[in-house]
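This report refers to the structure that appears directly beneath it.
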Amino acid sequence: MTSRQRANLPFLHPPQMKSMGLGDPRTFPFLEPPPQSSLETAVRYLREQGALDGAESLTPIGSLLAQLPVDVVIGKMLVLGALFGLAGPVLSVAAALSVQSPFLRTTRTNPDCATARRPLESPHGDPLTLLNTFNEWVQVKSERAGGSRKWCRRRGLEEHRLYEAANLRRQFQELLRDHGLLEAVQGPRDSSARQSRHRERRELHRLRRRHEETEGRKRKVLKLREGEAGSSSDEGDCAGRAGPPGVDIQDVKFKLRHNVDELQAAAGAALSSHQLALLKLVLCRGLYPQLAVPDQYNSCRKDSDQIFHTKNKQGIVLHPTCVFAGSPELLQTTEEKAEPGRSRGSQEGLSSRHQLLAFVSLLETNKPYLVNCLRAPALQALLLFSRALDTSADCTRLVADSWLELCVPDSEAALRLLSAALQLRAAWEGLLNRQLEGRRGEPGRGPDSREVATLRQGLLEFLQHEVSAPSPVQPGQGRVCPRTVAAAPGLPGLFQGAEMTPDEEKGGYRVTEFLTYNCLTSDTDLYSDCLRSFWTCPHCALYMPFTPLERMAHESSCRPQPQEAPLEEAAESPAKATALQRPYHCDACERDFMFTSTEILRHRKQHQ
C-alpha cells in the first residue's frame, strides 16, 4: 500500500468500528460514505496486517490496535517489542519512522556531511540508521549543552525532526504504560536527587519565562551561512537564541518535557548481536507484508539501477536517501560453490543468504521508490510471517502468500526448517495472546519469562539455519493440485485441537490456519507423501521411518524430558496428544496410553 492509498482510508478505521460493535464497515450507514474501493482496501490491508482474521473479526492484537491512536504498522511494532524486552529501541524506531526524515536532501552532494554521517549508518537498513542517529543525538544533548545544533548541522540533520521524534517517543511510551504493556519507571528515591531535579526544573521554567517575555521584542532574521547546510534547523537556531544570551530555548523545552536521565540510559544501552537480530525480527513482522524482492538481473545492472518488485507493483527503485542506495553491495548475494559429484547446473544460483527488503512506505513521484528499507533473510522471514503458505508433498517447493515461490533442493533441510517454523509461530502467537490478556491485570495470564526466553533462543537458532535455495526467490506460478479431496478422506490433524481437513479450493490438506500441505506439485513422485524415510528425533533419539506429516506431528508433541525423572513418572505424566495418536493398552504394563504408531512400536521394544 502506497502512502497515498493509506491517506485515502476512511477516517473511522474498521478496527475501531469492529471494537465498537458497528458491524461490517461496508454496510455502515455513513452520513458521507467513503468510496467502496477505499473500504475494501482498508479491510484487505488490515487482514494482511493480522488485525482481522479470515472471518473479518478482530484478532487479539487487532483489538488492542483499535484502542491505540497510531498507525497499524507502528502499533504492531510497539506491541511486539514489549514481549521481548525491546521496548526502548522499538519506541525510538517507531517514533523516528513516524516523522519526516531528519536527513536533509541538499547534503547528498556534500562530501563532508557524507563522511560525518557514515558512522551512523547501519548495514541492516534505514530503521536502524535512524535509531543510531536518534541515540547519538540524545547522547550529544546530554553531554554538551547547546552543542547538538552544530552536531546536526555538520551531519546534514534537521534537528527539529529529532525533537518531534523525541516527543512522539514519549507519547508512545505513555500509551504502552496506559495499556499495561510497559511498567512505569520509578522516580529517584534519594531525597537529594529529588531536590536536585526540582532545582533544575525550577531553573528551566525560569529560563522559559524569560524567553517568552523577550520573544516578541526580538527581530527574527533568516540568514544563509555559506558552507553550512540546512534551513529549518537554522531558523530554529535563530528562534532558540531569542532570549537569554547563550541559552538554547529548544534545549530548555526538551529537558522540561523529558526525563533526560531515562532517555540517556535508553540511548546509551548498546544492543548485543542477539538483541539486534530479535529487533530486526520484530520490525519485519511489524512491516509484513510490505516486502520487496530483488530483480533476478540486478547483478547485471549498475549499482544505481537496482530494481525490486512487490506483490502489487513491479520495477521499483530505492529512494536516494536509503542506506542501500549508497551501499548496494550489502544486498548482493554470494553463490555457494558446487558440491563435489554434483553438476554445476543443478546448483547454479544456490545460496543460503538470499534477502528480502521490508519497507515502511512506497513513494510514487516520477518513479516509485522504496522508503525506509530493512533487509531480512528471505527463507526465514517468509516461513515465520507469511499469511498463507503452500507446500508440495516433500516440502521442497513452497509458495508464500500466492506470490513468492521457494524451491529448496534438500527435502530434509526444507522439512526441518518448516517444522521449526510451525512450532515457533505457535509459541510466538500463544505468548503474544497471553501478553495481551495479562495487560488487563488478570492473575496468571501474562507470558512466563522462561517461555519467552525459550522462544527467544528458538528464534535465534532458526535464523542461523543455512539452507541453500535458488537465487533469487521467484514469483510463484500457477499451482497444480495432485490430490483430490476424496483421495484421502478423514486424515487426522497435526496439532492438538486442530482438525486437518482437505482444502477444496487449493487441493491438499489444510494443516493450520496458514499452512496448506501437498497442494503443489514437485519434480518428485506424486506419491512421495506416502513414502517414509528414516529420521532420528533430536529429543527422544527415536529412529524410525516417517512421512513428512508424521515427522512434523512427532516434533510438535515430543519435548526433551528431564533426565532425573524416573521412567514410571514420565509415563504417568499426561502426554500432549495430537490427532495422530490413538488409545493403546499395554498388557505388560497394564496401562492405557495415547501413542502414535511409531511410539507404540517403541514402547513394545522396551518389553522385549
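From the phi angles alone, apply the Karplus equation (6.51, -1.76, 1.60; θ = phi - 60°) to the stretch 451-462 and give each ³J(HN,Hα) in whole Hz, x where the residue is Gly or Pro.
5, 5, 5, 5, 5, 4, 5, x, 5, 5, 5, 5
Of Met552, Met544, how do they rank once you tally other Cβ atoms within 10 Å and put the fewest first? Could you put the intermediate results ahead of the total?
Numbers: Met552 26, Met544 18.
Going from sparsest to densest Cβ surroundings: Met544, Met552.
Under 1.5 on a/c is rounded, so check that first for the stretch 361-443, then, if it is not, pick prolate when a/b is larger than b/c and oblate when it is not; a ≥ b ≥ c are the square roots of the alpha carbon gyration tensor eigenvalues.
The shape class here is oblate.
Quick one: give the max-minus-min coordinate of the C-alpha atoms of the stretch 57-128 along each principal axis, largest first, in Å.
Here the spans come out as 52, 24, 16 Å, largest first.
For the stretch 389-430, what is the relative contact order in percent, using Cα pairs closer than 8 Å and at least 6 residues apart in sequence?
27 percent.
Determine one quarter of the surface area of the Cα convex hull of the stretch 106-176, which equals its mean projected area, and express it in nm² to one decimal.
5.5
Holding the Cα-Cα limit at 28 Å, pick out from Lys313/Lys506; Lys76/Lys506; Lys76/Lys141; Lys76/Lys313; Lys150/Lys302; Lys150/Lys253 the pairs that are longer than that.
Violating the 28 Å Cα-Cα cut-off are Lys76/Lys506; Lys76/Lys141; Lys150/Lys302.
Could you order peptides 31-39, 323-331 by the average number of other Cβ atoms within 10 Å of their residues, highest first?
Descending mean neighbour count gives 323-331, 31-39.
No lab work stands behind these numbers, since they all come straight from the coordinates. Being a predicted model, the structure only gives us computed values, none of them experimental. Every residue, glycine among them, receives a Cβ derived from its backbone with ideal geometry; neighbour counts consider all protein chains shown.
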